Each structure stands twice: as structure tokens, then as C-alpha cells.
Amino acid sequence: MGGLSGYSGFNATGPHQVLKLQFAVTSRDWIMLILMTLGWFLLLSSCVGFYRVKRWETAIRVASLPPEPLTPEQRQRDEQVRRNIEAAFSFANLEMEDNEDEVRRARCAQQEEHARCIAEQETAAQMSEAELRLTRTLQAAGLL
């Protein structure tokens, strides 16, 4: 009788009073309810968090894999989509201007390379064989 002896109606003779005592809600019951609710919340939120982290890990691993090569059908579809976008937003003219600039730069580079080759040939003709060998060695070493 240790814990229930503090109640004033424990020694009640009526059956209704005993029944009320059996189903009385104490402060311990409320604390247990709050702690159980908190425990379930922590358990469920940690399970959901674990699932989210696993999904994130999977996404990172998939992103780090090298991309699969495109099939010819996929390439053709991508080119068609790009053409449609270029036609819709008038990017075709910009692309042509970029290509013309690239062609001009390539021509200039070729002309400069050609002029450099001619200059090297002229200098090679003027150099002696020993100087030519020394020059080639220094060029191969990256010093010239």
C-alpha cells in the first residue's frame, strides 16, 4: 500500500470510488506520455534523416561516375533540339559570326606559322652545321 496510501479516498467502500482511483491520471502518466511522444519523434525523424542521407550519397556516387557515351540516335536528337532552339531564338547568325572569327584566327595563325618557317629556313641556310645542331638541341631542351 506504499504508493497509494497517500490518497484520501483509498479506503473507500463504494465500488465507483475504487474504479475512479484505478483510472486516475497522475503527473507521472503525463510525463511518460510526453517522453514516449518525444522518443517516437526522435526515432522517426532519425529514420527519415538516415533515408535522406542515403539518397544524397547515392546521388553523389552517380554524379561521380563517367557519363555513358551517347548513341547516334541521342546525338541526332540533341542536334535537332539545338537547331530548333537556335531557330527559335535566332542564334544561327551568332554562330556563323563565331565560326568566321575562328576561321580568320586560324588563317592568321597559319600565315604566322608559314612566315616563321620561311624565316627559320633562311636562318638555317646562313648557319653552319654546328650552329644548327646546337640550335636544335636547345630547342629540344626548351631553352629557345
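Is it the case that region 89-102 has a residue that's modelled with pLDDT of 75 or more and surrounded by 10 or more Cβ atoms within 10 Å (Cβ to Cβ)? Scanning region 89-102 turns up no residue that is modelled with pLDDT of 75 or more and surrounded by 10 or more Cβ atoms within 10 Å (Cβ to Cβ).
Residues that are under 30 Å from Arg136 (Cα atoms) and within 43 Å of the chain's Cα centre (by Cα) were ranked within region 103-112; the one that is modelled with the lowest pLDDT is Cys108. From the list Val62, Val18, Val25, the one residue that fits, being modelled with pLDDT under 80 and surrounded by fewer than 10 Cβ atoms within 10 Å (Cβ to Cβ), is Val25. Where the second residue is modelled with pLDDT of 80 or more and the first is open to solvent by 90 Å² or more (accessible area, probe 1.4 Å) and lies in region 117-144, which pairs have Cβ atoms under 6 Å and are six or more apart or on separate chains? Listed by first residue and then by second, the contacts come to Leu144/Leu138.
The values are calculated or read from the model by the stated rules, or taken from the named source; none is laboratory data. Everything numeric in this text was worked out from a predicted model, so none of it was measured. As a convention, Cβ positions derive from the backbone with ideal geometry for all residues, glycine included, and neighbour counts pool all protein chains shown. Ligands, DNA and RNA are stripped out before the accessible areas are found, and what is left, the full protein with its side chains, is counted by its heavy atoms. Shrake-Rupley method; radii C 1.70, N 1.55, O 1.52, S 1.80 Å.
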